[in-house]
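Okay, so here's the structure we're looking at.
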Amino acid sequence: MQVFSMIYHVRSFELLKACIEDILSTIKPGEDDRKKRLCAIQELADSIYSVGALRGAAVKPFGSFISNLYAKSGDLDVSVDLWSSSRIPISKQKKQNDLRELKRALQIRGVARYMEFIPNARVPIIQYMSNQFDISCDISINYYPGRMKSRIFYWINTIDERFGDMVLLVKEWAKAQNINDPKNGTLNSYSLCLLVIFYFQRCEPAILPPLKEIYDGDVAKEMVFYDEKYVDEVCAANIARFLRQNMGQRNQTSLSCLFTSFFHEFLGIRGLSIKVISTYTGRLSESRTTQGGWPNHTACLSKIHLRDLIMPLEQLMRRRWNVLGVLSII
């Protein structure tokens, strides 16, 4: 715990504030970055048109780009949505076959480099770097859960501008500490976003409400068919209600103070390793391992086991660091 205690010995919050502002100005995308991503999406759409099995498919970006939580160096996630009148889920094999055809089309058109097809992942994907726009792209088929999570995060990001800044800072911090790589057993960016949401829910007064107060839809249904307009309407109405109810009670804590105290929220995780962070309820919950698990609502998209934080943070504690040091080298 000695390593984390350094957080509370920041000598100057003004210096920390200046560091944070400098970091955000460096990593936040501008209009040119947004346009490059839109062009990369169009480039993919043009390639898809040449694939017979995908002709007529819709190209739907998701992830941090849609949530407006992306950095200049961020990846671009895209779901190729195939229309089905029966609303029967498309088989994994068909997704694999269609992605193989798309890979060939991208190779023929010469739009991609460093291309990798990962057919046996839980969600089959193609990963590549756009030759023209130098953007790393992850392409999947009918990935409705990713699209829905991204849209909910978009609406969360409209509640308070500090949320987006905090997500960017925490992700950059995690990259600097080499604990933002799920392939090596550390945290993915989605988990880091959940940590920030949970922390903002636990602030006094709360900056964000429990996610069940934003969207409490039937996730199982939306795995087959995703109605973005409905999600938008529900989230917009619920967020407007939350802001009305909390008018005059806004949390005034500065971003620099929030950033430093964020780490303290998770100091005692070893003793809580059987617990689950539930941003759905805004509380720590018991881990459910019995058959049936979580109910079919937003809760199953908004939890993280505290035991999954232990190894990344213990790796971090074996290295010497302090907040100002981390910020100054990003």
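The values are calculated or read from the model by the stated rules, or taken from the named source; none is laboratory data. Values in this document were obtained by computation on a predicted structure and should not be read as measured data. Neighbour counts are summed over all protein chains in view; Cβ atoms, including those assigned to glycine, are modelled from backbone coordinates with ideal geometry. Quick note on the areas: whole protein, heavy atoms, side chains included, nothing else; ligands and nucleic acids left out. Shrake-Rupley method; radii C 1.70, N 1.55, O 1.52, S 1.80 Å.
Side notes on the structure shown:
- Residues of the stretch 105-135 that turn out to be in contact (Cβ under 8 Å) with a residue 24 or more places away in the chain and basic (Lys, Arg), as a count: 1
- Residues in the stretch 136-152 that are among the charged types (D, E, K, R) and not in a strand (DSSP E or B): Arg147, Lys149, Arg151.
- Filtered residues of the stretch 246-260 (kept if under 16 Å from Leu208 (Cβ atoms) and without any contact (Cβ under 8 Å) to a residue 40 or more places away in the chain): Met247, Gln252
- Candidate set: the stretch 31-52, residues that are closer than 18 Å to Ile66 by Cβ and touching a residue at least 40 places away in the same chain (Cβ under 8 Å); chosen: the one surrounded by the fewest Cβ atoms within 10 Å (Cβ to Cβ): Cys39
- Counted residues, the stretch 116-128 - those being surrounded by fewer than 17 Cβ atoms within 10 Å (Cβ to Cβ), modelled with pLDDT of 95 or more and aliphatic (A, V, I, L, M): 1
- If you go through the stretch 63-111 and pick out every residue that is open to solvent by 20 Å² or more (accessible area, probe 1.4 Å) and either under 30 Å from Val170 (Cα atoms) or in a helix (DSSP H, G or I) (or both), you end up with 21.
- The requirement of being hydrophobic (A, V, I, L, M, F, W, C) and either within 25 Å of Glu116 (Cα to Cα) or touching a Cys at 6+ places or on another chain (Cβ under 7 Å) (or both) is satisfied by Leu38.
- For the stretch 136-181, the set of residues classified as under 22 Å from Pro210 (Cβ atoms) and of a type in the set (A, V, I, L, M, F, W, C) consists of Met148, Ile152, Phe153, Trp155, Ile156, Ile159, Phe163, Met166, Val167, Val170, listed by residue number.
- Against the criterion of being out of contact with any strand residue (DSSP E or B) (no Cβ under 6 Å at 6 or more places or on another chain) and either surrounded by 17 or more Cβ atoms within 10 Å (Cβ to Cβ) or of a type in the set (A, V, I, L, M, F, W, C) (or both), Pro209 qualifies.
- Per the listing Ser73, Ser50, the residue uniquely among the hydroxyl-bearing types (Ser, Thr, Tyr) and under 13 Å from Phe133 (Cα atoms) is Ser73.
- Count of residues meeting criterion [open to solvent by 60 Å² or more (accessible area, probe 1.4 Å) and among the charged types (D, E, K, R)] in the stretch 166-189: 2
- Only a single criterion out of (1) closer than 19 Å to Val123 by Cβ; (2) part of a helix (DSSP H, G or I) is not satisfied by Trp155, namely (1).
- Only one of Ser136, Ser150, Ser140 that is among the hydroxyl-bearing types (Ser, Thr, Tyr), within 18 Å of the chain's Cα centre (by Cα) and surrounded by fewer than 19 Cβ atoms within 10 Å (Cβ to Cβ): Ser136
- Options Ser256, Ser278: the member that is surrounded by 15 or more Cβ atoms within 10 Å (Cβ to Cβ), modelled with pLDDT of 90 or more and small (Gly, Ala, Ser): Ser256
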